[in-house]
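Notes to accompany the following structure.
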Amino acid sequence: MSEQSGSSSRIRATGKRRRRPSRRRRATRTAVWSLAGVIVVGGAGLGYAYVHLNGNLQAVDINTALGKDRPVNVDNGSEDILVLGSDSRSGANGEYGTDEGAARSDTAMVVHVNKGHKSASVVSIPRDTLVTRPDCTGDESGRPVAGQQRAMFNTAYEVGGPACAVKTVESMSGIRMDHYVEVDFTGFKELVDKLGGVEITTRQAINDPKSHLNLAPGTHTLDGEQSLGLVRTRKSVGDGSDLGRIQLQQAFIKALMQQARSVGVLDGTKLYGIADTATKAITTDSDLGSVTKLASFASGLKGLDSDDVHMVTLPVRYDPADPNRVVPLEKAAEQVWDALRRDRPIPASATEQSAGDKGDAGRIVQ
């Protein structure tokens, strides 16, 4: 598989091919970010908007929880962000199942934004990956959490929250996470609806009773509920493992990026509605825990298009002792993490032997 191949060949984000932006499009982008800036800083009498949006945000002080026992913070202009999707069934999320204890990280991605912020690499970590979970400190309770051998990756969040999840990723990769962003089920669904849906093309039917998704082959504009169903679809994709679902998630995220960039320039009400929903939907690290900080961070990413983002799954194989779990391919995984540490593209050879790169989902979604 070539370096730029991936799930987009199986489920395709429908939209125009990337080409040199026209003068009008460049002006449009400038207007969008200028308008966002007006809303964020409370200009033109919008002080209430700033206070309201700022009050929506939740933040966790991961730096204090983890202390100094972390990888070196390499200041080379690149940034590494751990993005988690929480599968908590508490509150409004209860309609998606019964809470069986603490929340787990249903989706985990390490996003590496390259120096210059012109491209990015995304590494999805399967939730069923068996890892050595390090000793850590729960960010909310401050209590120590004992490490564990052969622990499922998503238990790190379950037992120690965001700080323990970050600690586990840093232990696996040797890369210090600059930021942390978490999105929950309900917030994700509402954000998609605010954006007006997301357009995708499926080449084969998807019918998954577990995620309540039923799509015929063809092009669809998915609303929030359908989008959530897609990214949660598992049993009807490939062999029913988390690996096929990750391919769907990666393709959907690229489609979501395209949709987010198409928000109307002059529709200030819609733009504010999106900002309101987005700030309610996410939890960040304390360094991003205000609207001004979050907007500054987002502004640094505004030049990224979906074509600039290369997505892979952490190289894994099925665990011989438990076919329902996967374990990292150590040499290949190190190639991936080393590429991120060096701020270089992930080589295609790193994922060639991975169970997550076999195209299992391609039998269902081509």
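The values are calculated or read from the model by the stated rules, or taken from the named source; none is laboratory data. All of these numbers come straight from a predicted model, not from anything done at the bench. When we count neighbours, we look across all protein chains shown, and the Cβ atoms used for this are built from the backbone with ideal geometry, even at glycine. Surface accessibility is based on the protein's heavy atoms, side chains included, excluding ligands, DNA and RNA. Shrake-Rupley method; radii C 1.70, N 1.55, O 1.52, S 1.80 Å.
Numbers below:
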{"read-out": "Residue, modelled with the highest pLDDT, within the stretch 56-94, restricted to residues that are closer than 21 Å to Arg341 by Cα, among the acidic types (Asp, Glu) and more than 18 Å from the chain's Cα centre (by Cα)", "value": "Asp69"}
{"read-out": "Where a residue in the stretch 60-76 is closer than 15 Å to Gly161 by Cβ and its partner, wherever it lies, is of a type in the set (D, E, K, R) and loosely packed, with under 14 Cβ neighbours inside 10 Å, with Cβ under 9 Å and at least six apart", "value": "Val60/Glu140; Ala65/Glu140"}
{"read-out": "Residue selected from the stretch 95-113 under the condition assigned to a strand (DSSP E or B) and either within 19 Å of Asp242 (Cβ to Cβ) or among the aliphatic types (A, V, I, L, M) (or both), by the criterion modelled with the highest pLDDT", "value": "Val110"}
{"read-out": "First in the stretch 316-338 and within 14 Å of Asp242 (Cβ to Cβ), second anywhere and exposed (fewer than 15 other Cβ atoms within 10 Å of the Cβ), Cβ under 8 Å, 6 or more apart", "value": "Arg317/Gln353; Val326/Arg317; Val327/Arg317"}
{"read-out": "Test: residue in the stretch 137-152 that is in a strand (DSSP E or B) and either in contact with a Phe, Trp or Tyr (Cβ under 8 Å, 6 or more places away or on another chain) or on the phi > 0 side of the Ramachandran plot (or both)", "value": "yes"}
{"read-out": "Residues being touching a strand residue (DSSP E or B) at 6+ places or on another chain (Cβ under 7 Å) and assigned to a loop (DSSP other than H, G, I, E, B) - total across the stretch 114-134", "value": "5"}
{"read-out": "Residue list for the stretch 265-283, restricted to those being among the β-branched types (Val, Ile, Thr), assigned to a helix (DSSP H, G or I) and open to solvent by less than 30 Å² (accessible area, probe 1.4 Å)", "value": "Ile274, Thr277, Thr279"}
{"read-out": "Of all residues in the stretch 297-330 being out of contact with any helix residue (DSSP H, G or I) (no Cβ under 9 Å at 6 or more places or on another chain) and open to solvent by 40 Å² or more (accessible area, probe 1.4 Å), the one that is nearest to Arg127 (Cα to Cα)", "value": "Arg325"}
{"read-out": "Subset tally (residues that are under 21 Å from Ser86 (Cα atoms), of a type outside the set (D, E, K, R) and touching a Lys or Arg at 6+ places or on another chain (Cβ under 6 Å)) for the stretch 189-224", "value": "2"}
{"read-out": "Test set (1) hydroxyl-bearing (Ser, Thr, Tyr); (2) in contact (Cβ under 8 Å) with a residue 60 or more places away in the chain; (3) closer than 23 Å to Asp338 by Cα - Tyr157 fails condition number", "value": "(3)"}
{"read-out": "Criterion: in contact with a Pro (Cβ under 9 Å, 6 or more places away or on another chain) and either at pLDDT below 85 or not small (Gly, Ala, Ser) (or both) - qualifying residue of Ser236, Ser262, Ser211", "value": "Ser236"}
